[in-house]
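Chemist: Here's a structure for you.
Readers should treat all values here as calculations from the given coordinates under stated rules, not as data from a laboratory. The structure presented is a predicted model; accordingly, all values stated were derived computationally and were not measured. All Cβ positions, glycine included, derive from the backbone under ideal geometry; neighbour counts span all protein chains shown.
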Amino acid sequence: MTYPNAFSLEGKVALVTGASYGIGFALASALAEAGAIIAFNDVNEEFLAKGVAANKEAGIDARGYIADVTDEAAVQKLVADVEKDLGTIDILVNNAGIIKRVPMHEMDVKDFRQVIDIDLTAPFIVAKAVIPGMMKKGGGKIINICSMMSELGRETVSAYAAAKGGLKMLTRNIASEYGAFNIQCNGIGPGYVETPQTAPLRVPGHPFDSFIRAKTPAGRWGTTDDLKGPAVFLASSASDFVNGHILYVDGGILAYIGKQP
Ligand code: NAP
Ligand code: GCO
């Protein structure tokens, strides 16, 4: 395999969940720029329509599919519709996710369960739905969007950390169980990235903003552009012998004790 062909996704069908905006939208754009045919999902019709329009504006012919990724019947239909419209799914990015920041002792169990449902059970549901097609086709790529909280805890994010820690091990188990079918399953662990999900933490002057800048060697928040190259790598044949790996795209947070105050 010559380079840069190894990074080409020409003709590959990619499904990205929760991709009307934020990290999912950026990852879908990156895969499209590398040649992939894009199917993206959202749970909200209005956001889905905005996502289709934004892709069109960017010159990307992405198909939008509405589904709540926690609903197995809806996901089975989503995958069947994508495969009817575009062909067998070669690349799955399990991106959809939520966070609820509540002190654990005050957290309602239904909120805990909702975070686990969307951030951990849904990646299982969607991967389960696409793996049979990948097995039949002779291989595929699954990329689960993990987190710093796959490795670290912090106050108020118990449900999210439990989910993202579990997602790390689900990633490794899919890699273990399906590597023999030429399916590689890896994770991307973004650091702290500027998206709507982290907007409450990035209010100018918010102590968390200066905290994260001090914890990141580059002294800045990540952007969704920082995640594009790693996603294309893990979606391409350049990573065919990378399996069960969580690629942390965190600017070095996990390596760094933090800037002395
Ligand atoms: P975001 O801006 O909040 O976007 C989350 C996306 O997931 C939205 O499109 C949302 O759609 C969708 N979604 C939520 N529940 C869904 C469901 N049940 N079915 C289908 N789609 C659903 O989040 P983000 O910052 O882009 O994060 C994307 C992923 O990266 C998440 O898994 C997050 O945990 C992870 N992550 C984020 C960061 C960060 O710093 N931002 C860092 C590490 C990891 P609606 O808006 O329609 O609900
Ligand atoms: C938080 C943040 C983080 C980021 C991300 C870090 O409240 O700590 O939302 O969880 O979203 O997951 O990798």
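Chemist: Can you list the trypsin sites (Lys or Arg not before Pro) in the stretch 201-261 that are in a DSSP coil and have 16 or fewer other beta carbons within 10 angstrom?
Modeler: 202, 220, 259
Chemist: Enter the angle in degrees (range 0 to 90, nearest 10) between the Cα long axis of helix 45-57 and the first principal axis of the Cα atoms of the chain, meaning the one along which they spread out most.
Modeler: Taking Cα atoms only, the helix is inclined about 70 degrees.
Chemist: Between residue 211 and residue 110, how high is the FRET efficiency from 1/(1 + (r/R0)^6) when r is the Cβ-Cβ distance and R₀ = 25 Å? Nearest 0.05.
Modeler: 0.25
Chemist: With θ set to phi - 60°, apply the Karplus curve 6.51 cos²θ - 1.76 cosθ + 1.60 along the stretch 244-257 and write out the HN-Hα couplings as whole Hz, x wherever there is a Gly or Pro.
Modeler: Each residue's phi maps through the Karplus curve to give x, 9, 9, 8, 7, 10, 10, x, x, 3, 5, 9, 10, 6 Hz.
Chemist: Can you give me the angle between helix 122-137 and the longest principal axis of the chain, using Cα atoms only, in degrees from 0 to 90, rounded to the nearest 10?
Modeler: With rounding to tens, the tilt is 30 degrees.
Chemist: With just the Cα atoms defining each centre, how far is the stretch 107-165 from the stretch 192-261? Give it in Å.
Modeler: 18
Chemist: Please list, ordered by chain and number, the residues whose modelled amide H lies under 5 Å from the amide H of residue 187; skip anything fewer than 5 residues away on the same chain.
Modeler: Placed amide hydrogens put 144, 245, 246, 247 under 5 Å from residue 187.
Chemist: Now for a separate question. Considering amide H positions built from the backbone, and no H for Pro or chain starts, which residues 5 or more places from residue 222, or on another chain, come under 5 Å of its amide H?
Modeler: Amide H to amide H, under 5 Å and 5 or more residues apart or across chains, residue 222 pairs with 192, 193, 194.
Chemist: Using only the alpha-carbon atoms, how far is helix 72-85 inclined from the longest principal axis of the chain? Give it as 0 to 90 degrees, nearest 10.
Modeler: 50
Chemist: Add -39500 (n - 2.57) for each DSSP H run of 4 or more in the chain, then divide by its residues: what number comes out at 222 nm, to the nearest 500 deg cm²/dmol?
Modeler: -12000 deg cm²/dmol
Chemist: Of 149, 232, 15, which is farthest on the positive side of the dipole of the chain, counting Cα position, with +1 on Lys and Arg Cβ, -1 on Asp and Glu Cβ, and the Cα centre as origin?
Modeler: It is 149.
Chemist: Here's something else I'd like to know. I need the semi-axes of the equivalent ellipsoid of the stretch 19-160: take the C-alpha gyration tensor, multiply each eigenvalue by 5, square-root it, list largest first in whole angstrom.
Modeler: 27, 17, 14
Chemist: Another question, if that's okay. Can you tell me what percent of all Cα-Cα pairs in the chain are more than 25 Å apart?
Modeler: 41
Chemist: Also, quick follow-up: Percentage of Cα-Cα pair distances in the stretch 177-246 greater than 18 Å, rounded to whole percent?
Modeler: Considering the stretch 177-246, 51 percent of its Cα-Cα pairs are separated by more than 18 Å.
Chemist: Arranged by the count of other C-beta atoms within 10 angstrom, fewest first, what order do 105, 206, 245 take?
Modeler: Result, fewest neighbours first: 105, 206, 245.
Chemist: Just to check I understand the Karplus step: with θ = phi - 60° and J = 6.51 cos²θ - 1.76 cosθ + 1.60, what whole-Hz values come out for the stretch 220-234, glycine and proline as x?
Modeler: 3J(HN,Hα) across the stretch 220-234, in whole Hz: 9, 6, x, 10, 5, 4, 5, 9, 5, x, x, 5, 5, 4, 6.
Chemist: Count charges around residue 256 for me, please; just the other residues with Cβ under 14 Å from its Cβ, Lys/Arg as +1, Asp/Glu as -1.
Modeler: +2
Chemist: Counting only residues 5 or more places away or on other chains, whose amide H sits under 5 Å from the amide H of residue 16 once H atoms are built in the peptide plane?
Modeler: Close amide H contacts, sequence-distant or interchain: 39, 40, 41, 93.
Chemist: With +1 assigned to the C-beta of every Lys and Arg and -1 to the C-beta of every Asp and Glu, and no other charges, what is the dipole magnitude of the chain about the Cα centre in debye, to the nearest 20?
Modeler: It works out to roughly 540 debye.
Chemist: Okay, moving on. Of 36, 93, 73, which is farthest towards the positive pole of the stretch 27-93's charge dipole, taken about the Cα centre with +1 and -1 on the beta-carbons of Lys, Arg and Asp, Glu respectively?
Modeler: Checking the options against the dipole of the stretch 27-93, the answer is 36.
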